[in-house]
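Data block below; observations after.
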């Protein structure tokens, strides 16, 4: 990659742009449908008891995550055995079928069917995940890994934000469920078309036997990773980050409503701050590193995450004191009250340092694995 062209030069390349569009729209659709379902569960009051509604919202989140535990190792084997572009095209075609059924589920108001569709989206994403990061070093040079991972990381979190906001917003309109379903179908079709433009990425391990035992394969993969301790520690760091990040994303609604006494619209503002921070951090990380995979940024990201995670405890306490006795605080009021901007800056900084932390980890795993 020519230094003068910069990291965004990749968006002009067929070996990157179709893949970026494909993964962006996939993450968008997952969060569009998931958040629309969560809003439907809460707003329609599918149960008279609040505890039952809370159970359904947690069940929805669990159904989406469960396939990652069940199928990720099998998906990794498929990515090693078959052409990755070929697999992506079939996964994206399956998304069209899933979204067609999902549109019917949304329009009919069938909560059980919506839950099943969410599970299927989790299955589809769990098969796409291992391919997503293993195809990058196959199509990009080692000097482009930081830029490629930064842009994929940025795109993933921006698509999560857009899908989350649009899913929760559109579903509140008359015929909103139909609009959500139609948009999901359109995005799935565009994503499939984008996947058809991805250059072939042939596998070099065709002799692999596919195992359906996730526990055994996960343990075996950890054994392989431990042969290179740098790769092993990077994998542990990546796993920790997604646990940390998903905890933040899951708790933001409860944090906004119960701790900050905010109006439901405040949830979107806080989510936006966190996700925009990750996107900025990802791009900043690639800008600072240039063509090199820079592991020195990882401890910087970890320190920043620690400092601002602690600081948000104090800033939210300060805001609570200023907002004592108030409820349903609107975003504009939140921003003008003492501590409101401080909380927002903390969330933005947590996201920013998260991006700085995660991008070099992915790039190191890819570069060290390629070298083996």
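As a summary of the residue check, residue 296 satisfies the conditions (1) within 29 Å of residue 339 (Cα to Cα); (2) over 22 Å from the mean Cα position of the chain (by Cα); (3) surrounded by fewer than 19 Cβ atoms within 10 Å (Cβ to Cβ) except for the one numbered (1). Within segment 280-293, can you find the residues that are more than 11 Å from residue 349 (Cα to Cα) and either out of contact with any helix residue (DSSP H, G or I) (no Cβ under 6 Å at 6 or more places or on another chain) or surrounded by 18 or more Cβ atoms within 10 Å (Cβ to Cβ) (or both)? Of everything in segment 280-293, those that are more than 11 Å from residue 349 (Cα to Cα) and either out of contact with any helix residue (DSSP H, G or I) (no Cβ under 6 Å at 6 or more places or on another chain) or surrounded by 18 or more Cβ atoms within 10 Å (Cβ to Cβ) (or both) turn out to be 282, 283, 284, 285, 286, 287, 288, 289, 290, 292, 293.
Restricting segment 319-331 to residues that are assigned to a helix (DSSP H, G or I) and buried (at least 16 other Cβ atoms within 10 Å of the Cβ) leaves a set whose member that is modelled with the lowest pLDDT is 331.
Only one of 334, 357, 308, 353 is touching a strand residue (DSSP E or B) at 6+ places or on another chain (Cβ under 9 Å), in the same structural domain as residue 251 (by TED's automatic domain parsing) and either surrounded by 16 or more Cβ atoms within 10 Å (Cβ to Cβ) or not in a helix (DSSP H, G or I) (or both); which? When all the criteria are applied, what remains is 334. Criterion applied to 116, 128, 104, 93 was being buried (at least 21 other Cβ atoms within 10 Å of the Cβ) and under 27 Å from residue 38 (Cα atoms), and the one residue passing it is 128. Candidates 210, 198, 185: the one that is in a loop (DSSP other than H, G, I, E, B) and either modelled with pLDDT of 95 or more or crowded, with 17+ Cβ neighbours inside 10 Å (or both) is 198.
For segment 76-90, how many residues are surrounded by fewer than 22 Cβ atoms within 10 Å (Cβ to Cβ), touching a residue at least 40 places away in the same chain (Cβ under 8 Å) and under 23 Å from residue 187 (Cα atoms)? So the answer is 2. Restricting to segment 245-262, name every residue that is in a helix (DSSP H, G or I) and farther than 16 Å from residue 160 by Cα. Correct list: 254, 255, 256, 257, 258, 259. Restricted to segment 109-180, the set of helices (runs of 4 or more DSSP H) holding at least 1 residues that are under 26 Å from residue 71 (Cα atoms), within 13 Å of the chain's Cα centre (by Cα) and at pLDDT 90 or above comprises 111-134, 145-170. Pairs linking a residue in segment 210-239 that is farther than 21 Å from residue 360 by Cβ and not assigned by TED's automatic domain parsing to the domain that holds residue 355 to a residue that is loosely packed, with under 13 Cβ neighbours inside 10 Å and at pLDDT below 70, with Cβ atoms under 6 Å and 6 or more positions apart or on different chains, are 217/211.
The values are calculated or read from the model by the stated rules, or taken from the named source; none is laboratory data. Predicted model, so just to flag it, every value in this text is computed and none were measured. Glycine gets a Cβ as well: all are built from the backbone with ideal geometry, and neighbour counts include every protein chain shown.
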